[in-house]
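All remarks here apply to the structure that follows.
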Amino acid sequence: MSKKNILWQKWHILFKVLPLLIIIFILKLVFHQFGLEYISLNALFTSLIASTTFLIGFLITGVISDYKESEKLPGELASSLESLYDEAQILEKTKSTKPTKEFIRFYKDYVRAVNNWFEKKERTRAIMGRLSEMNDYFAKFEPLTQATFIAKMKNEQNTQRKIITRIHTIRETSFVQSAYAILEVLGFFVISGLLILKVEPFYEAVFFTVVVSFLIMYMVFLIKDLDNPFEYERYGETGTEVSLKPLHDFISRL
């Protein structure tokens, strides 16, 4: 990975937040210039900031648990894909019949389709359909090998179906939408309050307005990024998306 990509992965959220911070900085200057700072720093305002911080902590705890699980899924899927391919290769080497050769070709296309599925170039329904098509080949393999051998292949097929279903669920389901809504509303009120908050000297007001706004907006963007760790169709494997390296490594070996 190039240094440019590493820097983008590390700071891509900052690049999203920076234009908003510049707007907030300009607004703070305007509010101060025209005397629009109406409220003073008090315990109620600090409580509002504390409640926003608490909600951020609650949300990031929830999405991190899903993210840690998501990190394992591409590796487990790649292992299952390679295990089933190994079984097919063994059958091809020992029997070398027309069904085994057809299955090898079919399976290579299926693996590439799975890779495209992560980038949303293939529909989940189509991938599930390809998984079900394997049953036709397994039926043709029954006269060629022992039942236990077919059972191993069926087991890997079932493992792949479970993993793909789980990835689809994580990708299509967002963490508690109502919690996102209240966080965005609280963030809006805190930042608006900072804009009309009167603190002397003025440079301190600017500093705390920019810093607190940065922290809130950065965490909102981070939580939303973590909430969908399989969003490869927009920027590829950059930012907070989990690595597909195990899958890419297997494809390169095919």
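Looking only at segment 89-126, filter to residues that are more than 23 Å from residue 167 (Cβ to Cβ) and of a type in the set (A, V, I, L, M); which one of those is nearest to the chain's Cα centre (by Cα)? Give the derivation first.
Keep residues of segment 89-126 that are more than 23 Å from residue 167 (Cβ to Cβ), which gives 89-105.
Those left that are additionally of a type in the set (A, V, I, L, M): 90-91, 104.
On the way: 90: 36, 91: 37, 104: 31 Å.
Among residues in segment 89-126 that are more than 23 Å from residue 167 (Cβ to Cβ) and of a type in the set (A, V, I, L, M), the one nearest to the chain's Cα centre (by Cα) is 104.
Does residue 181 fit the bill of being exposed (fewer than 14 other Cβ atoms within 10 Å of the Cβ), under 30 Å from residue 26 (Cβ atoms) and either of a type in the set (Lys, Arg) or free of Cβ contacts under 8 Å to residues at least 24 places away in the same chain (or both)? Write out each step before concluding.
Working: exposed (fewer than 14 other Cβ atoms within 10 Å of the Cβ): yes; under 30 Å from residue 26 (Cβ atoms): yes; either of a type in the set (Lys, Arg) or free of Cβ contacts under 8 Å to residues at least 24 places away in the same chain (or both): yes.
Taking the combined requirement at face value, the residue satisfies it.
Residues 206, 190: which one is buried (at least 17 other Cβ atoms within 10 Å of the Cβ), assigned to a helix (DSSP H, G or I) and in contact with a Phe, Trp or Tyr (Cβ under 8 Å, 6 or more places away or on another chain)?
Details: 190 fails: in contact with a Phe, Trp or Tyr (Cβ under 8 Å, 6 or more places away or on another chain).
Going through 206, 190 in turn, the sole match is 206.
Quick check on residue 211: is it of a type in the set (Val, Ile, Thr) and in contact with a helix residue (DSSP H, G or I) (Cβ under 7 Å, 6 or more places away or on another chain)?
No: the conditions fail for residue 211.
Of all residues being in a helix (DSSP H, G or I) and under 18 Å from residue 213 (Cα atoms) in segment 25-43, which is nearest to the chain's Cα centre (by Cα)? Just the residue, please.
The residue in question is 25.
Quick one: in segment 53-71, which of the residues that are closer than 23 Å to residue 211 by Cβ and either in contact with a Gly (Cβ under 6 Å, 6 or more places away or on another chain) or not hydroxyl-bearing (Ser, Thr, Tyr) (or both) is surrounded by the most Cβ atoms within 10 Å (Cβ to Cβ)?
In this case the residue turns out to be 59.
Restricting attention to segment 1-12, does a residue exist that is modelled with pLDDT of 85 or more and in a helix (DSSP H, G or I)?
So the first thing to find is which residues in segment 1-12 are modelled with pLDDT of 85 or more, and the list is none.
No, every residue in segment 1-12 fails to be modelled with pLDDT of 85 or more and in a helix (DSSP H, G or I).
Condition first: farther than 15 Å from residue 154 by Cα and either without any contact (Cβ under 8 Å) to a residue 12 or more places away in the chain or not polar (S, T, N, Q) (or both). Now tell me which residues in segment 99-108 satisfy that. I'd like the intermediate steps shown before the answer.
Filtering segment 99-108 down to residues farther than 15 Å from residue 154 by Cα leaves 99-102, 104-106, 108.
Selection gives 99, 101, 102, 104, 105, 106, 108.
Select from segment 70-98 the residues that are touching a residue at least 24 places away in the same chain (Cβ under 8 Å), charged (D, E, K, R) and assigned to a helix (DSSP H, G or I) and list them in ascending order.
71, 76, 82, 87
Residues 212, 185, 199: which one is among the β-branched types (Val, Ile, Thr) and touching a Phe, Trp or Tyr at 6+ places or on another chain (Cβ under 9 Å)? Steps first, answer last, please.
On the way: 212 fails: touching a Phe, Trp or Tyr at 6+ places or on another chain (Cβ under 9 Å); 185 fails: touching a Phe, Trp or Tyr at 6+ places or on another chain (Cβ under 9 Å).
199 is the lone residue from the list that is among the β-branched types (Val, Ile, Thr) and touching a Phe, Trp or Tyr at 6+ places or on another chain (Cβ under 9 Å).
In the list 53, 100, 124, which residue meets the criterion of being more than 27 Å from residue 179 (Cβ to Cβ) and either among the small types (Gly, Ala, Ser) or modelled with pLDDT of 90 or more (or both)?
Details: 53 fails: more than 27 Å from residue 179 (Cβ to Cβ); 124 fails: more than 27 Å from residue 179 (Cβ to Cβ).
One residue alone meets the criteria, 100.
Give 119, 92 a once-over and let me know the one that is charged (D, E, K, R), surrounded by 12 or more Cβ atoms within 10 Å (Cβ to Cβ) and either farther than 27 Å from residue 243 by Cβ or at pLDDT 90 or above (or both).
Working: 119 fails: either farther than 27 Å from residue 243 by Cβ or at pLDDT 90 or above (or both).
Among 119, 92, only 92 is charged (D, E, K, R), surrounded by 12 or more Cβ atoms within 10 Å (Cβ to Cβ) and either farther than 27 Å from residue 243 by Cβ or at pLDDT 90 or above (or both).
The values are calculated or read from the model by the stated rules, or taken from the named source; none is laboratory data. Note that the coordinates shown come from a computational prediction; the quantities given were computed from them, not determined experimentally. Cβ: placed from backbone, ideal geometry, glycine included. Neighbour counts: every protein chain shown.
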